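What follows is calculated from the coordinates using simple rules that are stated; it is not laboratory data. Only a predicted model underlies this, so the values are computations on that prediction, with no experimental measurement involved. Reconstructed Cβ throughout: ideal geometry from the backbone, glycine too, with neighbour counts over all protein chains shown.
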Amino acid sequence: MDLFRTKSVERSIEETDEPDHRLKKELSALDLTVFGVGVMVGTGIFVLTGEQAYSNAGPAIVISFILAGITCGLAALCYAEFASTVPVAGSAYTFSYATLGELIAWIIGWDLVLELALGAAVVARGWSAYLQSLFDLPTWLAGDEATPDFGAMAVVLGLTLVGVLGTKLSGRFTGVLVVVKVAVIMFVIIAGLFFIKLSNYTPFVPDSKPAESGESGLDSTLLQSVFGVDPTVFGVYGIIAAASVVFFAFIGFDIVATSAEETKNPQRDVPRGILGSLAICTFLYAAVAFVITGMLKYSDERMKTAAPLAEAFSANGLDWASKLISTGAVAGLTTVVLVLMLGQARVLFAMSRDGLLPVSLAKVHPRFGTPYRITILTGVFVAALAGFVPLSELSKLVSIGTLFAFVLVSAGVIILRRTRGDLHRPFRVPAVPWIPALSILACFWLMVNLSVETWLRFLAWLAIGFVVYFLYGYRRSRLGRGLKQAPAGQDAAPTAE
């Protein structure tokens, strides 16, 4: 079985011009940057900041965000090189197909469902919580133990329609809401500075203490379990554990890479969109984390709610400000859900075009130029997840899925430099292989600081992916069927060097 057959870069680019599968090229560098900021500035600021300060890092959550940002920066360089070299929808899936082979590409595409679809569901639940707080709606609309989250389901289905109507429309819609939420975040940073209590920063790094024990050791990190260390929170391990979770908030820049095929000048604009949006968001995250932990003690129960920024201002007697923040959060989280679903649809579109999923799903709408069938399917799937799956469980799976994708993309840069050194690379990662190798190590370090339970669920998801591939994808692959008829050596599997 030829499980590691690769699809050449040239073939990937050629297939983007097939009439039924041709996406409209409408996006600019500004559109891509807006998409990146639109998807990254969301849950990390409006939801996870308080939760992780309360449970893992204390005021040192600022350091957690910086660590996650540095790790993303290393991976972002690798994404920028790939996206400028292979400007095709699919992001890490497409890159892996060109370097690591079909089986690995399938697994990374399957893994991206964790990153993008689950990520959209996480954010939709946060959106629902802020909407309920803003308008004082009945609590059951935002979901509880007995009822689905109807608000989350509604926003997902509404944004699915926007995604079907066109990528440019989605970009304009996102741009308006990005302006709103960035303005609100700047308000939080500036106004919050006047209500900081220095005593709330003491201790900045809370002393490490044993984690609350459960019925099993599944809640401890993989690193702690492997080396027999008792699970702890706060201290150095707490900062790293929090970085592993808030890493989820940085997944926007790889969404920019999924839009490469719809960009007017991808070789120039995709790297700008990736690196520019990441730099902006890292600053905003660190600043907000610093302010919120100064306004409200990290150990306050209100920090672990679904709307910690609003709670911090309410605690300081600024109820009107909390309403403003909730308005910004609703606007901001709306863009996150939309862009994540757009990214998910593009990955599944690329997999369908390659035959690893039903090819009929990859049909592009004749008027709107969007993969409407896969967009609708994605929306229904995300709505079901958002309505019925708890937030805390989703966010951890999103983080491990994202980190796994980053590892493979970073490895792919090293491999493609060796196997296709002749390719024109408008953007090049400096100091290869050292930068990609450092990215791999940083991502793996964050991965092993996620819980054993998260790892088990991740491995179970990958196992399901293997089953689906061997039952369907391997036999239906367009590349595999083409190799049976093509001359020897064309799109052949890589050989060991």
Using Stokes-Einstein with the Kirkwood hydrodynamic radius over Cα pairs, what translational diffusion coefficient do you get for the range 1-142 at 37 °C and a viscosity of 0.692 mPa s, in µm²/s rounded to a whole number? 179 µm²/s
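If you place +1 on the Cβ of every Lys and Arg and -1 on the Cβ of every Asp and Glu, how big does the dipole about the Cα centre of the range 21-481 come out, in debye to the nearest 20? Before the final figure, lay out the partial values.
Values: 32 positive and 28 negative charges, 409 e Å.
Charge dipole of the range 21-481: 1960 debye, to the nearest 20.
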State, as an integer percentage, the relative contact order of the chain based on alpha-carbon contacts under 8 Å between residues 6 or more apart. 34 percent
All-pairs alpha carbon distance profile, the range 411-464, 5 Å steps from 0, percent: 4, 16, 19, 15, 13, 12, 12, 7, 1
Please determine, in degrees from 0 to 90 and to the nearest 10, the orientation of helix 319-353 with respect to the longest principal axis defined by the Cα atoms of the chain, where the helix direction is its Cα long axis. 20 degrees
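Normalising by the residue count of the range 334-388, find the relative contact order in percent from Cα pairs under 8 Å and 6+ residues apart.
On the way: 40 pairs, mean separation 15.9, N = 55.
Relative contact order, the range 334-388: 29 percent.
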Relative contact order computed over the range 312-407 (Cα-Cα under 8 Å; 6+ residues apart), in percent: 15 percent
Compute the helix-to-body angle for 150-165: its Cα long axis versus the longest principal axis of the chain, expressed 0 to 90° and rounded to tens. 40 degrees
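Normalised radius of gyration for the range 308-435, please: alpha carbon Rg relative to 2.2 N^0.38 Å, two decimal places.
Numbers: Rg = 20.6 Å, N = 128, 2.2 N^0.38 = 13.9 Å.
So the Cα radius of gyration is 1.48 times the expected 2.2 N^0.38 Å.
Can you give me the orientation-averaged projected area of the convex hull built on the Cα atoms of the range 81-157, in nm²? If you can, show how the numbers build up before the last one.
Details: hull surface 28.6 nm².
It is 7.1 nm².
Could you sort 409-421, 232-244 so that the peptide with the highest average Cβ count within 10 Å comes first and the rest follow in order?
Values: 409-421: 20.0, 232-244: 23.0.
Descending mean neighbour count gives 232-244, 409-421.
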What is the sum of charges around Ala249, taking Lys and Arg as +1, Asp and Glu as -1, for the other residues whose C-beta is under 14 Å from the C-beta of Ala249? -1
Under the Karplus relation 6.51 cos²θ - 1.76 cosθ + 1.60, θ = phi - 60°, what is the ordered set of whole-Hz ³J(HN,Hα) values for the range 221-228, x standing for Gly and Pro? 6, 4, 4, 5, 5, 5, 9, x
Taking every Cα atom in the range 1-73, find the radius of gyration and the maximum pairwise distance Dmax, and write them in Å. 20.2, 54
To the nearest 500 deg cm²/dmol, what mean residue ellipticity at 222 nm is calculated for the chain from DSSP H runs of n ≥ 4 alone, each contributing -39,500 (n - 2.57), summed and divided by the residues? -20500 deg cm²/dmol
For Lys168, which aspartates and glutamates qualify as cross-link partners when the Cα separation must be under 12 Å and same-chain residues fewer than eight apart are set aside? Glu26, Asp31, Glu262
Over all directions, average the projected area of the Cα convex hull of the range 220-352 and note it in nm². 11.4 nm²
List the pairs from Lys209/Lys396; Lys209/Lys304; Lys181/Lys323; Lys197/Lys304; Lys181/Lys264 whose alpha-carbon separation is above 25 Å, in the order I gave them. Lys181/Lys264
